[in-house]
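Values in this text are rule-based calculations from the coordinates and carry no lab data. What you see is a predicted model; the values in this text were computed from it and never measured. Don't worry about glycine lacking a Cβ; one is built from the backbone with ideal geometry, like all the others, and counts go over all protein chains shown.
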Amino acid sequence: MSEHAIEAVGLRRTYRSRTGWLRPQRREVEAVRGVDLTVGNGELFGLLGPNGAGKTTTIKLLNTLLIPTAGEARICGFDVVRQTREVRRRIGYVFGGDRGLYDRLSARDNLRYFAELYGVPGREQKRRIAELLDLVRLSGRENDRVEGYSRGMRQRLHIARGLLHRPRVLFLDEPSIGVDPVAARELRQTVADLAATGTTVLLTTHYMAEADELCGRIAVIANGTIQALGTPAELRHHADGRQVLEVEAYGVGDAQLAVIHALPGVREASVVVTGAAQVLTVQSDAGVDVQADVLRALDGVRLGRVTARQPTLEDAYVAIVNRVDAQALPVEAVAV
Amino acid sequence: MTALLRLIGVGGVIAYRALFNWTTPAMFVGTLLVGPLFQLLFFAYLGRQLGVADDGFYITGNAVLAASLACVFGGTMAVSNERRFGTLGHVLLSPRSRTAVFLGRVLPYAANGLLIAVTTLTAASLLLGLRVPVDALPGLLLTLAVAALACGFFGLTLGAIGLRFRDVWLVSNVSVALLLLLTGVNVPAAGLPAWMRVTGELLPITHAAEAARRLVAGEGFGAAAPPLAAELAIAVGYAVLAATLLKLFEAESRRRASLDTL
């Protein structure tokens, strides 16, 4: 058995596209720009990053759907470019969203078909499918057409499909996207159970709490490269020396956010809309009390609760990603 | 070997249920049984009016052509609908033989086409009074089966093209119209310009229609064998072409990210 379940060295991927006939424009986007990664056998590894950071491309390079422009990667010791069949026998791939299943078929028939595609022996299929339906809590609904399933049920069926052939490495690409909190908690439980059975899991997600709860190690990817890698506790150190102020507000505009960002001692400022309210999060140097200045900058805005707290993993993630944004290199080139 | 046969047989049937749009009874009967029968009647009565050829010419030719609708569109759906459901990536991640996966998908469509052709021929013969020699029936059944298979592989080739070009339904629609025109089913091949005749020779149906007409005319299997062999060669040719294109476009998709796989 290979020492590592996943190994990537200098992995790069450039997308080239051409638009227009009379005056064609060639566009190059460097989606992944040198990813180095090793994931041990049985590890539950998180890959976090903003939209367009290169998470899905990295997964597609590792699962053989794409060929790297440069660098190399191995899964269980097999090269993802030259030994695709060996790699595919050992991997499962699950992605979030409504698509990726045959809507007209029942869950059981979806699993039967993919069991054939993934080479599950005929005599084992019935038992394996029943096991997985139990595992993802779809027993009792297995004969219903998938078109009537909720998103949470679909996600669980995706996971069952990904596990049919007992893969040693499972890629979970934002599996909880758009799933309600109860279904997301069930999904997390399923993923945790998988890791407990020794399956290596590479999980991409936008949800810090999910990564924090599940992953032994996390890599933060932004701008196509790994910006930070470590245990959740180690990553939190990226927000060391900071404190966080959270203000519930109604009507914070870009101009006010810019003013807050420019205040002495402020390191990050962002607004997230939650329902009718906004939550303004301000990270500042630990020794500087910015609360009075921030509230002054919000003069005229209706405010709710104001809270000061210690940084979380999410704050550390924001700090890492914003640091990259500040020194961002161009990833896109256009030629006429 | 058993696993391969399961992939082709069981996998093919499940894929048919998953991907074929016309499996509901109303769609199946309306689109695949009633539609071709009325088309046949249209051309038979038009032929009577214009005096171009007798009923046998139109009934036999259109019965063979009846297989094409389900097979050409079915073969296209067998690949292109993977995009619609977002399942293409999962199929491409299979470690199994692509050739077995996709060629196995054609068999249910070919069986479907055969059923439609037989039903159309039977119904039209009863309605218009065509007498088919009893000893010609086994050969006729074989001819219709080969025609259906050739159409299925032709459809799969179009489906493979659909991996690269999104507007494959346009190609399928035009192809079905070309089969109507170029295969000599409704317009005798002798009446077509040379380039159309040559193009028709390379399409499914043309040779099967010729073989079927010889059988119905009572010329015997020996007379029908050469065009039947030609139809079989066309079927094999499209099977090889479809397999090659599928392999080519999959390899290209890994290099150029050209497939919207997921």
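Side notes on the structure shown:
- Shape of chain B, Cα gyration tensor, a/c cut at 1.5: prolate
- A DSSP coil position with no more than 10 other Cβ atoms inside 10 Å describes none of the trypsin sites (Lys or Arg not before Pro) in region B:170-262.
- Per residue of chain A, the DSSP helices (runs of n ≥ 4 H) give a summed -39500 (n - 2.57) that works out to -9500 deg cm²/dmol at 222 nm.
- Between A:ASP299 and B:LEU181, the distance separating the two model label sites (each 7 Å from Cα on the Cα→Cβ line) works out to 7.7 nm.
- Region A:1-39: GluC sites (Glu not before Pro) in DSSP loop, at most 13 other beta carbons within 10 Å: A:GLU3
- Helix content alone sets the calculated 222 nm mean residue ellipticity of chain B: runs of n ≥ 4 DSSP H residues at -39500 (n - 2.57) each, divided across all residues, give -26000 deg cm²/dmol.
- For A:ARG267, residues with placed amide H under 5 Å, excluding near neighbours: A:GLN283, A:SER284, A:ASP285
- Annotation for B:ARG197 and B:LYS247: the two label points, set 7 Å from Cα along the Cα-Cβ direction, are 3.6 nm apart.
- Compared with the dominant Cα axis of chain A, that is its longest principal axis, helix A:181-196 is turned about 60°.
- Förster radius 25 Å - calculated FRET efficiency between B:SER258 and A:ARG26 (Cβ-Cβ, nearest 0.05): 0.95
- Cβ-Cβ distance of A:ALA209 and A:ASN143, R₀ of 30 Å, FRET efficiency by 1/(1 + (r/R0)^6): the value works out to about 0.30.
- Classified by the C-alpha gyration tensor, the protein assembly as shown has a prolate form. Its axis ratio a/c, with a ≥ b ≥ c, is 1.5 or above, and a/b is larger than b/c.
- Along region B:102-118 the Karplus relation, 6.51 cos²θ - 1.76 cosθ + 1.60 evaluated at θ = phi - 60°, assigns HN-Hα couplings of 7, 5, x, 5, 6, 4, x, 5, 5, 4, 4, x, 4, 4, 5, 5, 5 Hz to successive residues, with x for each Gly and Pro.
- Rounded to 10°, Cα long-axis angle of helix A:122-135 versus longest principal axis of chain A: 30
- Residues A:ARG151 and A:LEU263, FRET efficiency given R0 of 35 Å [Cβ-Cβ distance, rounded to 0.05]: 0.25
- Sparse packing (at most 16 other Cβ atoms within 10 Å of the Cβ) combined with a DSSP loop state is found for the following GluC sites (Glu not before Pro) in region B:162-220: B:GLU219.
- Cα gyration tensor shape of chain A, rounded if a/c is under 1.5, else prolate or oblate by comparing a/b with b/c: prolate
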